[in-house]
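Okay, so here's the structure we're looking at.
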Amino acid sequence: MATDKSSFQLVINGILNENPIFRLVLSMCPAVGISTTVMNGLMLGIAVLFVQVFSSVTIAIFKNVIHPRIRIPTYTLTIATWVTVIDMVLAAYLPEAYAKMGIFVKLIVAFAIITMRLEMFASKESVDASFWDGIGMGLGFMAGMVALGFVRELLGLGTLLGYDVLGFQPLLFFVLPFAGFFVVGLMMGFFNYIEVVYKRSKARQA
Amino acid sequence: MPRITEMIKGFLPTLILFFCLPGLVQAAMITDKSFGEEDNQIVVDFASAVDREVAATTENYIVYEESDPDIRLQLERVEVAEDGKSAILYFAEPLNTLKTHVVTIRNLTPATVESVKVSKSYLGYLFSILIGAMLINNFVFTKYLGLCVFFGTSKRKDTAKGMGITFTIVIVVSAVMSWFFYQFILKPFDLNFLQIVVFIGLVSLTVQAVDTVLRKINPVLFNAFGVYLVLVIANCIIIAVPLILADNEYNFFESFMLSFGAGGGFLLALYLMSSVRERIELANIPPTFKGIPIAFVVAGQFALAFLGFSGLSLF
C-alpha cells in the first residue's frame, strides 16, 4: 500500500494542510512554552525535524519485523534513541541555545506528533515516502514555531532574530511566558478566518 | 471535589500537632527558635530575660550546618529585644534554610553552654513540595507541559476526571520506579546518558502493566479508564517529572510528593478547564474561534490567575 502523492506534495502537506501546530493541534507544549523568539522556534524546529525524519525512516525500514502488539513501545524507544542523539549533539556543539531550550529538547520524546506520524504513515508506507513525510512534518512544525516566534518577538521586544527592527518595544505582554496561550489561540482564530474568507471568495467566483 | 477537601480537613490537625510537639519537649533556657523573615536570620526566644550584653556578643555564638560541623558560619551581629527575651542573629551570608543548623550559645547563664538545632520541619518541607507542584508551579499553567492531552480531554467533566485520576496513578508509580532506577542503576554505573530511554521505557512498562492488571482485576474500572491509558504516554509531564527528580537529586519521599503533586495539579487543571468549556459550548462565540482557539484563550486566563500563587510560601 503506497501513497500516490509525490515527494513535493508530501512536504507541502506537512507544512500547510496538516500543519502539526495549527491544524493537527499536536505538540503544543513548546508552541506555548518557548516560542518567545524566532531563534528558539528555529532551534527546536531543527531538533524535531531531525528526530522526525530519522524515526520515520527507521520505522519504515523495520516495519515488517515489528510485531503489531508491541508497536507503540517500539516507536517510543526508537524516538527516545534519536532524541538522546540530538540532545547530546546540541549540548556539545550549541550549549547556549541548548540552555535556553532547557528541558524541552528531552521532552521531544513525548511529542504526540512524532508517534502519530509513525503510527499513521511510516508503519504503512515505503522508506522513500516516509522520509519526505518526515521532512514535511518537521518543516511544518518549524514553520509554526517560527511564525509564533515572529509574532511574539516582533510585538514583544521589537526585534527579529535579535536585531532591532522597530526601535521600541510595542507590547511587552507578548514575551511574557503565559502570553503563549493567547498568541496561539488568536493566531489559530486568525488562520481560520483567512480560510473562511478564501472559501467564500472562491464560492463567489464559481 | 468534596472528598479531597474532607481529606485535607482531616490531615490538618495532625499536621498542626506535629509542628507543636517539638515545642512541648523544649530544653531549659531557649524556648523557641526559627529561621527569620530574611534568609540570613535566625530568631531565638529565651525563657526569661537574659543579660543583654552577653546575648549581644557574637563571640558567644557558634553556628554551623549539622552536616558540616567544621564550617562555622560567619555571624555579623546579634540584636537583642528590649526585654531581653529574644534575639535575632544576623549572618554575613544567606543560610540554606533547607538544612538543619546547630546554634550553640555560651554563658547565657554563667558558665553554661546551650545548644539547639534549628530546622524547618521535614514534613512541612515535603508538604511544600506537594503544594509547589500542584499550585505554585502547576505543570499545565505555569510550566506549559502536557498541553496536547490537556486540550484533548478537557471537553467534558467526566473525561477530565477519568484522565486526571488515571494519570495521577501512572505518574506516581512510574516516578517511584524511575527514582529507583536512577539511584541504584543509572548513577552507580555512570549511565546518565540513557536517562531518556530508560525513563520513557519505564513509563511504557507501567502503562502496559496497569492496563493488564486492571483488565483482569476490575473490568468495570477498566472500561471507564482504559481509553485514557494510551494517552498518558503522549503527555510531556510524565517524562518531565523523572527528569526533574534526577536533576534535583530528590530522595524517595520528595520524589513521591513531587509526582503526586504533578498528578494532582494536572487533575485540578483538567477539572477547572472542563467546567469552563462545558459552559463555552453554549456561549455565542465567533465561528472562527469555536473549539480549540477559544480554549487556548481561556487557558491563558487560567495561567494569569495561577500567577497569583507565585508569592505563596507555606513553610
Filter pass, B:A160 being at pLDDT below 85, over 23 Å from the mean Cα position of the chain (by Cα) and not polar (S, T, N, Q)
no
If you go through A:L139, A:L77, A:L107, the only one that is within 10 Å of another protein chain (Cβ to nearest Cβ), assigned to a helix (DSSP H, G or I), within 30 Å of A:L186 (Cα to Cα) and touching a helix residue (DSSP H, G or I) at 6+ places or on another chain (Cβ under 8 Å) is A:L107
Checked pairs for region A:178-196, first within 7 Å of chain B (Cβ to nearest Cβ), second of a type in the set (S, T, Y) and part of a helix (DSSP H, G or I), C-beta under 6 Å and 6 or more apart or across chains, list as A:G189/B:T288; A:N192/B:T288; A:Y193/B:T288
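Based on this model, can you work out whether A:I113 counts as in contact with a Leu (Cβ under 6 Å, 6 or more places away or on another chain), facing another protein chain (nearest Cβ under 10 Å) and within 23 Å of A:S7 (Cβ to Cβ)? Don't jump to the end; show me each part of the working.
Numbers: in contact with a Leu (Cβ under 6 Å, 6 or more places away or on another chain): yes; facing another protein chain (nearest Cβ under 10 Å): yes; within 23 Å of A:S7 (Cβ to Cβ): yes.
So A:I113 passes the test.
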Residues in region B:192-229 that are closer than 23 Å to A:F104 by Cβ and not hydroxyl-bearing (S, T, Y) total 13
Only one of B:L123, B:L73 is of a type in the set (A, V, I, L, M, F, W, C) and touching a strand residue (DSSP E or B) at 6+ places or on another chain (Cβ under 7 Å), namely B:L73
Across (1) modelled with pLDDT under 85; (2) over 19 Å from B:C148 (Cβ atoms); (3) surrounded by 20 or more Cβ atoms within 10 Å (Cβ to Cβ), B:F222 clears everything bar (3)
Residue within region A:80-94 that is closer than 24 Å to A:G33 by Cα, away from every other protein chain (no Cβ under 14 Å) and more than 19 Å from the chain's Cα centre (by Cα) present: yes
Within region A:155-172, can one find any residue that is free of Cβ contacts under 8 Å to residues at least 40 places away in the same chain, at negative phi and within 14 Å of chain B (Cβ to nearest Cβ)? no
All-but-one check, B:T112 against (1) farther than 30 Å from A:R23 by Cα; (2) within 12 Å of another protein chain (Cβ to nearest Cβ); (3) not hydrophobic (A, V, I, L, M, F, W, C), failing number (2)
Checked pairs for region A:22-47, first closer than 22 Å to A:V89 by Cβ and facing chain B (nearest Cβ under 8 Å), second surrounded by 22 or more Cβ atoms within 10 Å (Cβ to Cβ) and among the hydroxyl-bearing types (S, T, Y), C-beta under 7 Å and 6 or more apart or across chains, list as A:C29/B:Y144; A:G33/B:Y144
### Query
What do you reckon, is B:S178 surrounded by 14 or more Cβ atoms within 10 Å (Cβ to Cβ), at pLDDT 90 or above, within 14 Å of chain A (Cβ to nearest Cβ) and under 26 Å from A:I114 (Cα atoms)?
yes
Taking region B:155-174 and keeping residues within 14 Å of another protein chain (Cβ to nearest Cβ) and buried (at least 23 other Cβ atoms within 10 Å of the Cβ) leaves B:F167, B:V170, B:I171, B:S174
Residues of region A:39-62 being surrounded by fewer than 18 Cβ atoms within 10 Å (Cβ to Cβ) and of a type outside the set (V, I, T), in sequence order, are A:M39, A:L42, A:F62
Among (1) modelled with pLDDT of 85 or more; (2) out of contact with any helix residue (DSSP H, G or I) (no Cβ under 7 Å at 6 or more places or on another chain), A:D133 falls short only on (2)
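So, restricting to helices (runs of 4 or more DSSP H) that lie completely within region B:206-315, which ones have at least 3 residues that are away from every other protein chain (no Cβ under 14 Å), out of contact with any Cys (no Cβ under 6 Å at 6 or more places or on another chain) and closer than 22 Å to B:I171 by Cβ?
Values: elements: B:219-232, B:236-248, B:252-280, B:292-307.
Output list reads B:219-232, B:252-280.
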**Message:** Quick check on region A:120-133. Is at least one of its residues within 14 Å of chain B (Cβ to nearest Cβ), surrounded by 15 or more Cβ atoms within 10 Å (Cβ to Cβ) and assigned to a helix (DSSP H, G or I)?
**Reply:** no
Would it be correct to say that B:D211 is in the same structural domain as B:E254 (by TED's automatic domain parsing), under 30 Å from B:I280 (Cα atoms), modelled with pLDDT under 90 and not basic (K, R)?
no
Residue pairs qualifying under the 6 Å Cβ cut-off, at least six apart or on distinct chains, with the first in region B:289-300 being in the same structural domain as B:R156 (by TED's automatic domain parsing) and the second being surrounded by fewer than 20 Cβ atoms within 10 Å (Cβ to Cβ) and part of a loop (DSSP other than H, G, I, E, B), are B:I294/B:I285
- prompt: Is it true that B:L123 is away from every other protein chain (no Cβ under 14 Å), touching a residue at least 24 places away in the same chain (Cβ under 8 Å) and surrounded by fewer than 17 Cβ atoms within 10 Å (Cβ to Cβ)?
  reply: yes
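The values are calculated or read from the model by the stated rules, or taken from the named source; none is laboratory data. No experiment lies behind these values; they were computed from the predicted model shown. FYI the Cβ positions are ideal-geometry reconstructions off the backbone, even for glycines, and counts take in every protein chain you see.
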